[in-house]
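> Here it is, the structure in full.
The values are calculated or read from the model by the stated rules, or taken from the named source; none is laboratory data. The shown structure was predicted, so the numbers you read here are calculated from the model rather than taken from an experiment. When we count neighbours, we look across all protein chains shown, and the Cβ atoms used for this are built from the backbone with ideal geometry, even at glycine. What goes into the accessible areas is simple: the full protein's heavy atoms, side chains included, and nothing from ligands, DNA or RNA. Shrake-Rupley method; radii C 1.70, N 1.55, O 1.52, S 1.80 Å.
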Amino acid sequence: MTVIPRAATPTDRERTTRAVWLAGLGLLLLILPKLIYPVLALDILAWGLFAVAFDLLFGFSGLLSFGHAAFWGSSAYVTASLLSHGQSVPVALLGGTLSALALAVPVAFLSVRSSGIYFSMITLAFAQMISFLALQWTDLTGGENGLQGFDRPSVLGLDFSNSTTRYYVCLLLFAVGFAVAWRTVRSPFGRAQQAVRDNEPRAQSIGYDPQRFKFTAFLISATLAGLAGSMYTFGHGVVSLEVVNWRTSGEVVMMTLLGGTTTLVGPVIGAGLVLLLRDQLTTANLPVGIVTGIVFVLVVLFFRRGVVGTVQHWTRRK
């Protein structure tokens, strides 16, 4: 008989700390378009959900994927293609998300049979294949020119030409995606998933099928990454080859590590820090890659658990 591990009962202080982090994040996202321009705020939402999706696989399953740009990018292209052919915004967003899920099935089936660096290399190889297809399949992707100039028709009286309106629509989608991730890691499935991550042989000895849990976690992660990619396309109204570039996979790894893995809030904070830093460096005409790299190294050296993870650790110690 398979025993589902039960979650440890959190203390009142842990509940309070968790509620404070969530309330603070929610309040910040509600007023974010008032603090920075809405397009950058929408980028933080999309990349934040992308980082949360990656953390579901890396932080809670122990699987380091170097190919998550494949799901982000494929969803972005499908969303843009559907909008270009006159489909409504909800249909395009749903179609992009489901395309990422469909792509994840064969990728997950082949990659979860491996572990460690072999798993990472398989996901990277699939991502490079998708990048090559995006470059060559010009009828669908536009090749080096990308896809642009497609309409985002109004729905229920919402004017999607307004960047603030697009932000709050994406905030609703972000909330749905974040709630799915939150529920996943705190469900019996999530506890079993973490048990497989911590000690796979022991988990297998009590009746778990590690590949099944990894496969399911991969699909959930890829689907949320696809939703984030659809949000990105909806927000910008343009798609380029950058969305499937290997550097995109590297950036989401950096965002997750900066914010803190296994926190869910951390990846969102990490995405915000990276994008805000990049925006400031661009306007100041400073080398973005060098400065961002230095900041990443400093955080890894002095904040081993990431920004949010370190603050939570200090709070628990006190």
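> Could you tell me which residue out of 143, 59, 219 lies farthest along the dipole of the chain toward its positive end? Charges go on the beta carbon: Lys and Arg +1, Asp and Glu -1, centred on the Cα centre.
The residue sitting farthest along the positive end of the dipole is 59.
> Kindly provide log₁₀ I(q)/I(0) values, in the same order as q = 0.12, 0.18 Å⁻¹, from the Debye equation applied to equal alpha-carbon scatterers of the range 1-151.
Calculated log10 I(q)/I(0) at the listed q: -0.73, -1.20.
> Right, something else. In whole Å, how far is the Cα centre of the range 236-309 from that of the range 63-111?
The range 236-309 and the range 63-111 have Cα centres separated by 22 Å.
> Can you sort 242, 144, 200, 251 by 1.4 Å-probe accessible area, starting with the largest?
Values: 242 115, 144 150, 200 65, 251 45 Å².
So the residues, ranked largest to smallest area, are 144, 242, 200, 251.
> Using only Cα atoms, what is the ratio of the radius of gyration of the range 54-143 to 2.2 N^0.38 Å? Can you show the working numbers first?
Details: Rg = 14.2 Å, N = 90, 2.2 N^0.38 = 12.2 Å.
Dividing the Cα radius of gyration by 2.2 N^0.38 Å gives 1.17.
> Could you look at the chain and say what percent of its accessible area is carbon and sulfur, using a 1.4 Å probe and all protein chains? Write out the running numbers ahead of the final one.
Values: 9820 of 15450 Å².
Answer for the chain is 64 percent, counting heavy atoms of protein chains only.
> Residue 140 to residue 199: extension gain in nm, 0.36 nm per residue of separation minus the Cα-Cα distance? Let's see the in-between values first.
Working: separation 59, 0.36 × 59 = 21.24 nm, distance 4.39 nm.
My answer for the length gained is 16.9 nm.
> A further question on this structure: Order the peptides 18-28, 68-78, 271-281, 96-106 from the highest to the lowest mean number of other Cβ atoms within 10 Å of their residues.
Numbers: 18-28: 13.2, 68-78: 30.5, 271-281: 18.7, 96-106: 20.4.
Packing order, densest peptide first, comes out as 68-78, 96-106, 271-281, 18-28.
> Given a 1.4 Å probe, how much area per residue of the range 33-105 is accessible, in Å²? Write down the numbers at each step before the final one.
Numbers: 2090 Å² over 73 residues.
About 29 Å² of surface per residue is accessible.
> Still on this structure, I have one more. Based on Cβ point charges of +1 for Lys and Arg and -1 for Asp and Glu, what charge dipole magnitude is obtained for the chain about its Cα centre, in debye rounded to the nearest 20? Intermediate values should be presented prior to the final figure.
On the way: 22 positive and 14 negative charges, 276 e Å.
So the magnitude is around 1320 debye.
> Here is a further query. Using the heavy atoms of the protein chains alone and a 1.4 angstrom probe, what is the accessible area of the range 262-318 per residue in square angstrom?
Numbers: 3400 Å² over 57 residues.
About 60 Å² of surface per residue is accessible.
> Across all directions of projection, what mean area in square nanometres is found for the Cα convex hull of the chain?
Details: hull surface 69.7 nm².
For the chain, averaging the hull's shadow over all directions gives 17.4 nm².
> Then there is this: Please give the net charge around residue 134, taking every other residue with its beta carbon less than 13 angstrom from that of residue 134, where Lys and Arg add +1 and Asp and Glu add -1.
Details: positive: none; negative: 139, 144, 242.
Net of charged neighbours comes to -3.
> Now a separate question. What distance in nm lies between label points placed 7 Å from Cα along the C-beta direction at residue 291 and residue 36?
Result for the modelled spin labels: 1.3 nm.
> Given a 1.4 Å probe, how much area per residue of the range 121-225 is accessible, in Å²?
Values: 5640 Å² over 105 residues.
For the range 121-225, the solvent-accessible area averages 54 Å² per residue.
> At residue 165 and residue 316, where each label point lies 7 Å from the Cα along Cα→Cβ, what is the point-to-point distance in nanometres?
4.6 nm
> Here is a follow-up. Cα atoms only: what Rg and Dmax, in Å, come out for the range 40-88?
Values for the range 40-88 (Cα only, Rg and Dmax): 13.4, 41 Å.
> What nm distance separates the two modelled labels at residue 300 and residue 151, each placed 7 Å from Cα along Cα→Cβ?
It works out to 4.8 nm between the two label points.
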